[in-house]
Amino acid sequence: MFAPLLSLVTVCCAQIAEPDDVSAATAAMSPWAAQALASDFDHVAAEGLDPAGYDLSALRTDLEDGNFAAAEHAAAALFRQAAKDISIGIIPPEERTRWRIPGPEIDNDAIDRAEERAARSLDFAGAFARLAPDHAQYRALKAALDKTPPADAERKARIKLNMERWRWMPRDLGPDYILVNAPAYELTVVRDGEIVDRRKVIVGTKALPTPQFAATVTGVAFNPTWFVPASIVAESVGALLKNDPDAAKAKGYYLGEDGNVRQKPGPANALGQMKLLMPNPYSVFLHDTPGKTAFEKDARALSHGCIRVEDAVDFARGLVKGVLDDEAVDEILASKTPTEVALEKPMPVYVVYFTAVAAADGTATFYPDIYGLDAELLPAFGADAPPPSENNQAMIDACPGAAPAAR
């Protein structure tokens, strides 16, 4: 195959610069680089992409016919398409249901450099790997994909889909951040790149799903007042205030001067004893809950959309460490007075949807597709769409909705 090219390679290969000779690199593909790309293109599979999804027929025909200028052009276009897919994903943003985390922009300069280096070194597998997300979890999923038997199409597809989701994530999450993975019902706190805290969470039901988004935590509201959303007033609280005002008062509900319903701080408050200050357009927050026993359930898609945190006060103590010691936090809680405490440094929080998580050795753990989002996308990664997991759990407590900060 590619016989017309062999003599050209024999004559010219001595002129190929070393991979590190960046100064001599050019953006144009050479004929032998085009052949190397055609021969090595299957390496995109290691990044969770399907080589069959790319049309190499024109490139191979041009190489076989000796149309080297056309082959160079076809190879460059093919490389750039694969580079883009590996860098930012194959699913367009408008098809990423409920995913609202701003992802990376295409970095044409990085692709140019990768193309130049690969065209001289002929190491296209290395070029593809360097363009992929530099997240430890992406690399772990890549190892899991490599360990998965080819016959296990569904497992491989789920790993590929979650590698794709990492391509949608910001390239730099920051040294310190909070990650909430809805399908795992879990929260982790990362500091200096290491997990320092891990907790169970409760997320939205299938009917009222928690969206995937990024926000910035600026502080903690202790003893928060709950500003009850109009939808929940209409659903239940309004009738309680009207029909049984004594019971409503016992639970802390009252009408504010503006006519809106509030709930006083206290043991019955739907927000519990703390809520993170994390402004976002979805009115979704991380907070405490009086319904502690719900954390004992395995399936915890139970809320109106907000995120309830296990041992939330202890979680908050860790976030304000350096600003307040435990004794100061205890004094605030005992006062039952709404109090806002700013973090020493704002911290990003990412609410995500990863149904496959891998250890560094490639051992993968799979979580239920609680919102049916895998089912929508798995066909793009080589598997039939499985039925989404059912979520028939009753809702508990209530989401704080569009409540303003505690006052």
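Of all residues in the stretch 61-90, those satisfying the criterion of being in contact (Cβ under 8 Å) with a residue 24 or more places away in the chain, farther than 30 Å from I370 by Cβ and either basic (K, R) or part of a loop (DSSP other than H, G, I, E, B) (or both) are G66, R80, K84.
When the test is whether a residue is surrounded by fewer than 18 Cβ atoms within 10 Å (Cβ to Cβ), without any contact (Cβ under 8 Å) to a residue 12 or more places away in the chain and among the small types (G, A, S), A136 does not pass it.
Each residue in the stretch 91-118 was checked for being of a type outside the set (D, E, K, R), buried (at least 18 other Cβ atoms within 10 Å of the Cβ) and assigned to a helix (DSSP H, G or I), and 3 of them qualify. Scan the stretch 297-307 and tell me whether some residue there is of a type in the set (S, T, Y) and closer than 30 Å to K345 by Cβ. Yes, some residue in the stretch 297-307 is of a type in the set (S, T, Y) and closer than 30 Å to K345 by Cβ. For the residues V351, V329, the requirement of being in contact with a helix residue (DSSP H, G or I) (Cβ under 8 Å, 6 or more places away or on another chain) and surrounded by 21 or more Cβ atoms within 10 Å (Cβ to Cβ) singles out V329. Among the residues of the stretch 130-143, those identified as touching a helix residue (DSSP H, G or I) at 6+ places or on another chain (Cβ under 7 Å) and in a helix (DSSP H, G or I) are R130, L131, Q137, Y138, L141, K142.
Rundown of residues vs (1) buried (at least 23 other Cβ atoms within 10 Å of the Cβ); (2) of a type in the set (D, E); (3) within 27 Å of F295 (Cα to Cα), yes/no style:
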| position | (1), (2), (3) |
| --- | --- |
| D176 | no, yes, yes |
| N181 | no, no, yes |
| Y185 | yes, no, yes |
| V189 | no, no, yes |
| D197 | no, yes, yes |
| V203 | yes, no, yes |
| A207 | no, no, yes |
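Residues that are more than 37 Å from the chain's Cα centre (by Cα), part of a loop (DSSP other than H, G, I, E, B) and hydroxyl-bearing (S, T, Y) within the stretch 225-262 are absent altogether. Pairing residues of the stretch 212-239 that are in contact (Cβ under 8 Å) with a residue 40 or more places away in the chain with residues that are acidic (D, E), at Cβ distances under 6 Å and at least 6 apart in sequence or on separate chains, gives G219/E340; A221/E340. What do you reckon, is P265 in a loop (DSSP other than H, G, I, E, B) and either buried (at least 17 other Cβ atoms within 10 Å of the Cβ) or polar (S, T, N, Q) (or both)? Answer is yes for this residue.
For the stretch 40-64, a tally of residues being of a type in the set (S, T, Y) and over 22 Å from L145 (Cβ atoms) returns 2. Filtered by the rule that a residue be within 22 Å of A294 (Cα to Cα) and either in contact with a Pro (Cβ under 7 Å, 6 or more places away or on another chain) or part of a loop (DSSP other than H, G, I, E, B) (or both), the stretch 209-224 gives P209, T210, P211, N223, P224.
Scanning the stretch 362-394 for residues being surrounded by fewer than 17 Cβ atoms within 10 Å (Cβ to Cβ), modelled with pLDDT of 95 or more and in a loop (DSSP other than H, G, I, E, B) gives a total of 1. If the condition is being under 30 Å from H304 (Cβ atoms) and small (G, A, S), then the stretch 134-187 contributes G174, A182, A184.
The values are calculated or read from the model by the stated rules, or taken from the named source; none is laboratory data. Computed from a predicted structure; not experimentally measured. Please note: Cβ atoms are built from the backbone with ideal geometry, for glycine as well, and neighbour counts cover all protein chains shown.
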